[in-house]
Amino acid sequence: MVDILLGLQWGDEGKGKIVDVLAPQYKVVARFQGGPNAGHTLEFEGKKHVLHQIPSGIFRPDSINIIGNGVVLDPIIFKKEIDALAPYNIDFSKTLFISKKTALIIPSHRLLDAASEKAKAEAKIGSTLKGIGPTYADKISRQGLRLGDILSPSFKDKYQKLVEAHRRMLDFYQFEYDLAEAEQEFFRALEFIKGFNLVESEYLINKNLAEPGTRVLAEGAQGSLLDVDFGSYPFVTSSNTTAAGVCSGLGVSPSKISEVYGIFKAYCTRVGSGPFPTELLDDTGERMRQEGREFGSTTGRPRRCGWVDLPTLKYSIMLNGVTQLVMMKVDVLSIFDEIKICTHYELPDGTITDELPYDMTDTPLKPVYVTLPGWKQSLDGITDFQNMPEALKAYTAYLEKALQTPVTFVSTGPDRSATLSRKPEL
Ligand code: GDP
Ligand code: IMO
Ligand code: MG
């Protein structure tokens, strides 16, 4: 069966950490969408590592890691990621497989991302500028390149044709650029990537699934509120970050999906532009950012911070069919006397609702809060949820009841070991 772990907010919920924690239970860990816009942080044995395209099961020697067809892959960043993994002596020939159908990010995609953001000026998306949007656009408009194409003798011709199309767009944007150096690095990276397992990953996954007892974990990137269909459009990424993306992004049938882990921070963050109803622009938000070290894993940008938002979580749980919740970074809330939970929004006409409006961007949403007491104590060393402060248990119980979904894991620190598992208590 396939289990899914995906973010319920605007990304950076802690997916990398929990995939690494769960990976020993799975034979296969697979990324199904996104690309190097993701930054998934893992910490163990005093080491910290950020992965962008490589699945977060890579440190577990018994896991097979698959970069699925739904991913957009940058070979230059791939090479850098592999180089950074050198100290770990990983045998990639046995543990890493890449779909030939992944869409290829070429250097001019990154330029197009930059040109498009520049043209948008104040209305910019706040993209990570990794070329994600232009690459998915080329895929959908059926002119993109796929990883498998690099094995074909006509690859250079196909590449030139695409670059010519990009140059015309860049001229239209009146964007100044120099491609020469990046192109050289790109072609070196392509030679490098040819040394890895480039496969029809849909067969690999389904053959594994056909073996009794084999479990696959699909690792989401970004978060449900950045989904291209359901997120706060246009301030979204260009893929389906929700559970539906797993079937198209890996080639598995919906009937194979079992558990859906929905992961969220015990508060909320967003990096980049776009609506964020519970955002705190005051000292409380700044304290959250400092305590939670809320700076982007991919771009280093400060993350916007705010209280947890139930209408958005309910929406994400509904879209994904979440069966279990994973609550992250509760330790960060230990500094606050009181903790707020947004239960509803008040619309401009006074209506109170817990549903998201069609246009989150242009509809002013005033959060309606309940306030719960904080626990104001360190959680270090607590390994059993029963020994957690009563106020934290009450906070968890409140969320479980409101969200009608059990919180089965609670994370109290960045390290692999700071993860508490608990039985559902609904
Ligand atoms: P991802 O993109 O969902 O994998 O999340 P990121 O790695 O971008 O961001 C999560 C950040 O929070 C990373 O720096 C993690 O090391 C850190 N982190 C994860 N879980 C916890 C936790 O329970 N407590 C604290 N304080 N930090 C955590
Ligand atoms: P992980 O997997 C947080 C945001 C960007 C921007 C918008 C579009 O680490 O959770 P894009 O580069 O896709 O064109 O950017 O989406 N974004 C993320 N925010 N975590 C991520 O990934 C993100 N990937 C993209 O900041 O607002
Ligand atoms: Mg991240």
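The values are calculated or read from the model by the stated rules, or taken from the named source; none is laboratory data. Remember, it's a predicted structure, so these values are computed and weren't measured experimentally. Virtual Cβ from ideal backbone geometry, glycine too; neighbours counted across all protein chains shown. The protein model used for the area step is the full one, side chains on, heavy atoms only, and it has no ligands, DNA or RNA in it. Shrake-Rupley method; radii C 1.70, N 1.55, O 1.52, S 1.80 Å.
Residue-by-condition table, conditions (1) closer than 24 Å to Arg270 by Cα; (2) buried (at least 24 other Cβ atoms within 10 Å of the Cβ):
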| position | (1), (2) |
| --- | --- |
| Gln25 | no, no |
| Asn37 | yes, yes |
| Pro55 | yes, yes |
| Asp62 | no, no |
| Asn65 | no, yes |
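Annotation: Leu319 fulfils all but one of (1) modelled with pLDDT of 95 or more; (2) within 17 Å of the chain's Cα centre (by Cα); (3) surrounded by fewer than 16 Cβ atoms within 10 Å (Cβ to Cβ); the unmet one is (3). Might you let me know whether region 380-390 holds any residue that is surrounded by 12 or more Cβ atoms within 10 Å (Cβ to Cβ) and not in a loop (DSSP other than H, G, I, E, B)? Checked region 380-390: at least one residue is surrounded by 12 or more Cβ atoms within 10 Å (Cβ to Cβ) and not in a loop (DSSP other than H, G, I, E, B). Scanning region 217-256 for residues that are hydrophobic (A, V, I, L, M, F, W, C), under 15 Å from Arg31 (Cα atoms) and more than 16 Å from ligand 3 (Cβ to nearest atom) yields Leu217, Ala218, Ala243, Ala244, Val246, Cys247, Leu250, Val252. Based on what the data block shows, is Cys247 without any contact (Cβ under 8 Å) to a residue 12 or more places away in the chain and buried (at least 19 other Cβ atoms within 10 Å of the Cβ)? In short, yes.
Within region 37-51, residues that are modelled with pLDDT of 95 or more and in a strand (DSSP E or B) sit with their Cβ atoms under 6 Å from residues that are open to solvent by 50 Å² or more (accessible area, probe 1.4 Å) and near ligand 1 (Cβ under 8 Å from one of its atoms), at 6+ positions apart or across chains, in these pairs: Glu43/Pro414. Of all residues in region 232-244, exactly one satisfies the criterion of being in contact with a Phe, Trp or Tyr (Cβ under 8 Å, 6 or more places away or on another chain) and either open to solvent by 40 Å² or more (accessible area, probe 1.4 Å) or free of Cβ contacts under 8 Å to residues at least 12 places away in the same chain (or both), namely Ser238. For Thr299, the criteria (1) open to solvent by less than 10 Å² (accessible area, probe 1.4 Å); (2) hydroxyl-bearing (Ser, Thr, Tyr); (3) more than 28 Å from Pro357 (Cβ to Cβ) hold in every case but one, which is (1). Do we have any residue at all in region 122-132 that's more than 21 Å from the chain's Cα centre (by Cα), farther than 20 Å from His52 by Cα and open to solvent by 10 Å² or more (accessible area, probe 1.4 Å)? Yes: region 122-132 contains one or more residues that are more than 21 Å from the chain's Cα centre (by Cα), farther than 20 Å from His52 by Cα and open to solvent by 10 Å² or more (accessible area, probe 1.4 Å). Only one of the listed residues (Val71, Val50) is surrounded by fewer than 24 Cβ atoms within 10 Å (Cβ to Cβ), among the hydrophobic types (A, V, I, L, M, F, W, C) and within 12 Å of ligand 2 (Cβ to nearest atom). That residue is Val50. All conditions but one from (1) more than 16 Å from ligand 2 (Cβ to nearest atom); (2) part of a helix (DSSP H, G or I); (3) within 24 Å of Ser411 (Cβ to Cβ) apply to Arg60; the one that does not is (2). Just wondering, is there one or more residues in region 279-286 that are closer than 28 Å to Ala218 by Cβ and more than 16 Å from ligand 1 (Cβ to nearest atom)? Within region 279-286, not a single residue is closer than 28 Å to Ala218 by Cβ and more than 16 Å from ligand 1 (Cβ to nearest atom). Do we find a residue being under 27 Å from the mean Cα position of the chain (by Cα), within 16 Å of ligand 2 (Cβ to nearest atom) and among the polar types (S, T, N, Q) anywhere in region 390-404? Within region 390-404, not a single residue is under 27 Å from the mean Cα position of the chain (by Cα), within 16 Å of ligand 2 (Cβ to nearest atom) and among the polar types (S, T, N, Q). crowded, with 18+ Cβ neighbours inside 10 Å and more than 21 Å from the chain's Cα centre (by Cα) - does that describe any residue in region 80-88? No: zero hits.
Residues that are under 19 Å from Gly39 (Cβ atoms), in contact with a helix residue (DSSP H, G or I) (Cβ under 8 Å, 6 or more places away or on another chain), without any contact (Cβ under 8 Å) to a residue 60 or more places away in the chain and open to solvent by less than 70 Å² (accessible area, probe 1.4 Å) occur at least once in region 108-121. In this structure, Met327 does not qualify as in contact (Cβ under 8 Å) with a residue 40 or more places away in the chain, buried (at least 22 other Cβ atoms within 10 Å of the Cβ) and over 30 Å from Leu217 (Cα atoms).
Residues that are modelled with pLDDT of 95 or more, open to solvent by 50 Å² or more (accessible area, probe 1.4 Å) and in a loop (DSSP other than H, G, I, E, B): does region 398-413 have at least one? Looking through region 398-413, at least one residue is modelled with pLDDT of 95 or more, open to solvent by 50 Å² or more (accessible area, probe 1.4 Å) and in a loop (DSSP other than H, G, I, E, B).
Among the residues making up region 354-372, those that are open to solvent by 90 Å² or more (accessible area, probe 1.4 Å) and either in contact with a helix residue (DSSP H, G or I) (Cβ under 7 Å, 6 or more places away or on another chain) or not in a loop (DSSP other than H, G, I, E, B) (or both) are Glu355, Lys366. Taking the listed residues Pro36, Pro55, the one that is within 16 Å of ligand 3 (Cβ to nearest atom) and in contact with a His (Cβ under 7 Å, 6 or more places away or on another chain) is Pro36, with no other qualifying.
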